[in-house]
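All remarks here apply to the structure that follows.
The values are calculated or read from the model by the stated rules, or taken from the named source; none is laboratory data. Note that the coordinates shown come from a computational prediction; the quantities given were computed from them, not determined experimentally. Positions of Cβ are backbone-derived with ideal geometry, glycine not excepted, and every protein chain shown enters the neighbour counts.
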Amino acid sequence: MSTVFVIILAVLLDLWLGEPRQWHPLAGFGRLASAIERRLHGGATGDNVVRGGWALLIALLPFVLLAWLLTLNATLALLAEVLLLYLAIGGSSLAQHGRAVAEALARDDLPLARQRVGWMVSRDSGQLDSEGVARSTVESLLENGNDALFGALFWFLLLGAPGVVMYRLANTLDAMWGYRTERYRQFGWAAAKFDDLLNWPPARLTALAYALSGDTARAWRCWRSQGHRTDSPNGGVVMAAGAGALGLQLGGPTAYHGVMTDKPLLGEGPPARGQDIYRAIRLVQRALLIWLVVITVVGVLVG
């Protein structure tokens, strides 16, 4: 039951306080990761896969060990677990970013909407039309629902504070190094593959929760027929189920770092519009409620 208590308290803190506006540990970790990259990146050499693997270990291990040590102290354990899980989940912040884009679209302020969606996605947002902004936002909400919320909850349930720290920092490194550009294709390989491995179980549980939170039959059909279409073994599963649950079609031409990529179409229905951003936020919130109910019931039964 203590695990259930920690999870509920951390989620309530996230709803109440949101993401720390200053001095967020993940921002500091990002600066550290950049310094590690500058030190270990060997340029366009063949040993960059090895260097990237060392960079991953150097960035992760000290913080995972620190989280483990904190949980050994009976006095600090509960406080440390609540704080670390609260800092790892970002459901409130994700919803706030989504609403900010939707509000800009509702005011027909496309430049502002492009700027705000640029805070959520790694794709080039400067030339997106209103439909492209809405689609990008919905895709980000669905995918980051797994990355910033459900994945963290899963690894906390499995391995406690060290697990959630490992997951969230690995996810951050993938967001920094996991690109298929000339610089990161080799150096970021280990970070990308490790993140794929960590996300495989929670992504499918997230897809299931999305399916149960919307049009279940359509979500299941899209998941089964489309989830394998993306390069990511997890992103396609999450977004296909989420798009099906919402009755929307996502994907299509998308620019990353100046290069146009034709992303596979996922889901069924019309393209996303501004008002669908609110629907996507509610879908993630309903999925979170399902997770919390299941976690609580299982905790009561086994506790």
_Given the condition in contact (Cβ under 8 Å) with a residue 40 or more places away in the chain, part of a helix (DSSP H, G or I) and closer than 13 Å to GLU139 by Cβ, answer yes or no: does some residue in segment 220-234 qualify?_
no
_In segment 178-203, the residues that are more than 17 Å from GLY163 (Cβ to Cβ) and surrounded by fewer than 19 Cβ atoms within 10 Å (Cβ to Cβ)_ = TYR179, ARG180, THR181, GLU182, ARG183, ARG185, LYS193
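Conditions tested, residue by residue: (1) among the hydrophobic types (A, V, I, L, M, F, W, C); (2) within 19 Å of ARG282 (Cβ to Cβ); (3) buried (at least 20 other Cβ atoms within 10 Å of the Cβ).
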position	(1), (2), (3)
ALA113	yes, no, yes
TRP119	yes, no, no
GLY126	no, no, no
THR137	no, yes, yes
LEU142	yes, yes, yes
GLY151	no, no, yes
PHE154	yes, no, yes
TYR167	no, no, yes
MET176	yes, no, no
*Which one of the conditions (1) under 18 Å from ALA100 (Cα atoms); (2) under 15 Å from the mean Cα position of the chain (by Cα); (3) buried (at least 23 other Cβ atoms within 10 Å of the Cβ) does VAL133 fail to meet, given that it meets all the rest?*
(2)
*For residues that are assigned to a helix (DSSP H, G or I) and farther than 13 Å from VAL284 by Cα, scanning just segment 236-256, find the one that is modelled with the lowest pLDDT.*
GLY236
_All positions within segment 67-113 that are free of Cβ contacts under 8 Å to residues at least 24 places away in the same chain and of a type in the set (D, E, K, R)_ = GLU103, ARG107, ASP108, ASP109
*State all residues of segment 261-292 that are outside any strand (DSSP E or B) and small (Gly, Ala, Ser); if no residue qualifies, say none.*
GLY269, ALA272, GLY274, ALA280, ALA287
*Looking at this structure, is GLN186 modelled with pLDDT under 95 and either touching a helix residue (DSSP H, G or I) at 6+ places or on another chain (Cβ under 6 Å) or among the charged types (D, E, K, R) (or both)?*
yes
*Counted residues, segment 120-134 - those being in contact (Cβ under 8 Å) with a residue 60 or more places away in the chain and not in a helix (DSSP H, G or I)*: 4
_I'd like the full set of residues that are among the basic types (Lys, Arg) and modelled with pLDDT under 95, limited to segment 160-183._
ARG180, ARG183
*Restricting attention to segment 137-144, does a residue exist that is small (Gly, Ala, Ser) and over 26 Å from TRP200 (Cα atoms)?*
no
*Which condition number does PRO20 fail, the rest of (1) farther than 23 Å from GLY151 by Cβ; (2) at pLDDT below 90; (3) surrounded by fewer than 19 Cβ atoms within 10 Å (Cβ to Cβ) being met?*
(1)
*Can you name the number of the only condition in (1) closer than 30 Å to ALA106 by Cβ; (2) touching an Asp or Glu at 6+ places or on another chain (Cβ under 9 Å) that MET176 fails?*
(1)
_Among the residues of segment 89-105, are any farther than 25 Å from ALA287 by Cα, touching a helix residue (DSSP H, G or I) at 6+ places or on another chain (Cβ under 9 Å) and either at pLDDT 90 or above or surrounded by 12 or more Cβ atoms within 10 Å (Cβ to Cβ) (or both)?_
yes
